[in-house]
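Structure, as structure tokens:
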Amino acid sequence: MWYSSIVDTVGNTPLVRLNTFNKNIPGTILGKVEYFNPGQSVKDRIALKMIEDAESRGDLKPGGTIIEGTSGNTGMGLAMVAAVRGYKCVFTTTDKQSMEKVNLLRALGCEVKICPTNVEPDDPRSYYSVAKRLKEEIPNSWYPNQYDNLSNRQAHYEMTGPEIWEQTEGKITHFVAGVGTGGTITGTAEYLKEKNPDIKVIGIDSVGSIYKSYFETGVFDKRHIAPYLTEGIGEDIIPENVDFSLVDDVIQCPDREAFVTTRILARKEGLFVGGSCGSAVWGAMQFIRKHPMKEDDVMVIILPDSGTRYVSKIYNDEWMRTNGFIDEGSSMEVEEVVRLRGDNSRELITVDKNDTLEHCIVLMNRHNVSQLPVMDGENLVGSLNETRILSLLTESPEMRNKPVGDVMEEPLPVVSNDLKIDQITRMLSGGVAAVIVKQDNNKYTIITRSDLINAISKSMS
Ligand SMILES: Cc1ncc(COP(=O)(O)O)c(C=O)c1O
């Protein structure tokens, strides 16, 4: 069996179980590994579709020049198809994108113009405006404009959606994808929801992008736009390809969590992927914390590209340290803190959401603890701590008869045993009262500030 050109190998990328992230979570969590595409990203799909549609419309003629604004991946896909079909390529990109991406495009014989990141989209210097201007200046040229070209989402409706439906034998219940142009999530969701309208579609955005607030309010409020380093997702415009009516939730991921999770995917799953993959998996975990998965649930997370484009960044300790994403700090892991506390076999004290607040207070006094996780059966659904209880009782002593479920607060963050204490320190200094640790023996334990202080001082002595 052979292909008539590399272009024919686009698609049919594998679904791979994310074992580290799926541990102790009911259901099946799968990554759709798009770096198996020849151009090593999800964007190969839209590159091919946009070119084929332009050829059939007569917009792209033999020997023509393709001009596009890209974060690099669409450029790579277009360059690959252009190489096979004899087109020239001129790309505009922003100085936020990795040099690996720029060098790759130049290696494929493309011209690349680097534009400033932090300018308004309609600024003549922006990579959107420069691409539009070049289109006017260069004869026999075509501007795909992946943001508003609906062939983008159509590619996912025709390819990515059917693939996922077939590969999961129609058992998929949750679909998670980063939102850049919005083509991946919109096209795929359109197809999957036609097959089963109950499928939950979760969009992943970056902190500093307009999407989450726009999804929640329908208002384009510029105050939400701020610089961020995650590449490929989030935006400061609303492209035509985005259709949020197909999306059930949008979760925003900070750069740090995106990059730390990306490194865990590489080091614990052997998946050498890009930063927006880390965002997607981190976001999926946040969604599951709010909406626990059931045994038969099947979640598919799009992993858009390869880590080869981020070796000088996410996978470079110096770059991560310079940007404050990892610290010099102590390499002590949570497991060590529990060991130094000397009671890792201690049962985690919890209260059920149907218990009364009174009972919760009794438990806290009996075990001399200042917060308790709230359970609903096996699931962590909330938390209660002294500060909260005090304000409730001050409001009205009758509150003590209230079911915990009615007065509880957000669940405490759940972390894995191998997390470094620096990250826990940041969480606990950011207003979180304590964190829950998932131990390898399938047991939970809790870490408070005082546990950390004792562990650090013991480790010094
Ligand atoms: C690395 C990466 N992740 C995610 C996306 C988002 O995909 P889409 O544009 O289909 O929303 C892109 C798009 O450029 C990307 O390059």
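In plain terms, the chain from Asn454 to Leu393 could stretch by 18.8 nm, reckoned as 0.36 nm per residue minus the Cα-Cα distance.
Carbon and sulfur together cover what percent of the accessible area of the chain at a 1.4 Å probe radius? Walk me through the numbers before you get to the answer.
Numbers: 10380 of 20260 Å².
Ligands and nucleic acids excluded, carbon and sulfur give 51 percent.
Note on the range 383-461: Kirkwood hydrodynamic radius from all Cα pairs is 14.4 Å, rounded to one decimal.
With only the Cα atoms considered, the range 159-223 has a convex hull volume of 87 Å³ per residue.
For the range 90-188, taking the reciprocal of the average inverse distance between every pair of different Cα atoms yields a Kirkwood hydrodynamic radius of 15.8 Å.
Beta bridges assigned by DSSP with both partners in the chain are antiparallel in approximately 35 percent of cases. Here each label is just a point 7 Å from Cα along the line to Cβ, and for Glu240 and Arg426 those points are 4.0 nm apart. Within the chain, all pairs of alpha-carbon atoms sorted by distance into 20 Å bins from zero give the percentages 23, 51, 22, 4, 0.
Based solely on its DSSP helices, what 222 nm [θ] is calculated for the chain when runs of n ≥ 4 H residues each add -39,500 (n - 2.57) and the sum is averaged over all residues, nearest 500 deg cm²/dmol?
So the helix-based figure for the chain works out to -11000 deg cm²/dmol.
When the P(r) of the range 43-142 is calculated, the portion above 23 Å amounts to 20% of the C-alpha pairs. In summary, the lysines within cross-link reach of Lys458, defined as a Cα separation below 17 angstrom excluding same-chain residues under 8 places away, comprise Lys420. Here the 3J(HN,Hα) profile of the range 172-183, calculated from phi with Karplus coefficients 6.51, -1.76 and 1.60 at θ = phi - 60°, is 4, 10, 9, 10, 10, 8, x, 10, x, 6, x, x Hz, Gly and Pro shown as x.
Residues whose amide H comes within less than 5 Å of that of Lys402, counting only those at least five positions distant or on another chain, are Leu357, Glu358 (H built at 1.01 Å from N in the peptide plane). For the chain, the longest piece that avoids every one of the chymotrypsin sites (Phe, Trp or Tyr not before Pro) found in DSSP loops with at most 15 other C-beta atoms within 10 Å covers 221-461. Taking DSSP loops as anything outside H, G, I, E and B, show the longest stretch in the chain free of GluC sites (Glu not before Pro) there with at most 10 other beta carbons within 10 Å. Between the exposed loop sites, the longest stretch runs 1-168. Residue separation of Thr9 and Glu378 scaled by 0.36 nm, minus their Cα-Cα distance, works out to 128.4 nm of gained length.
The lysines within cross-link reach of Lys290, meaning a Cα-to-Cα straight distance under 21 Å and a gap of 8 or more places when in the same chain, are Lys23, Lys200, Lys212, Lys353, Lys438, Lys443.
Note on the chain: with charges restricted to the Cβ of Lys and Arg (+1) and Asp and Glu (-1), its dipole about the Cα centre is near 860 debye. Annotation for the range 135-169 versus the range 75-101: alpha-carbon center distance of 15 Å.
The values are calculated or read from the model by the stated rules, or taken from the named source; none is laboratory data. Predicted model only: the values in this text are computed from it and were never measured. Positions of Cβ are generated from backbone atoms using ideal geometry, with glycine treated the same way; all protein chains shown enter the neighbour counts. The area values use the complete protein model at the heavy-atom level, side chains included, leaving out ligands, DNA and RNA. Shrake-Rupley method; radii C 1.70, N 1.55, O 1.52, S 1.80 Å.
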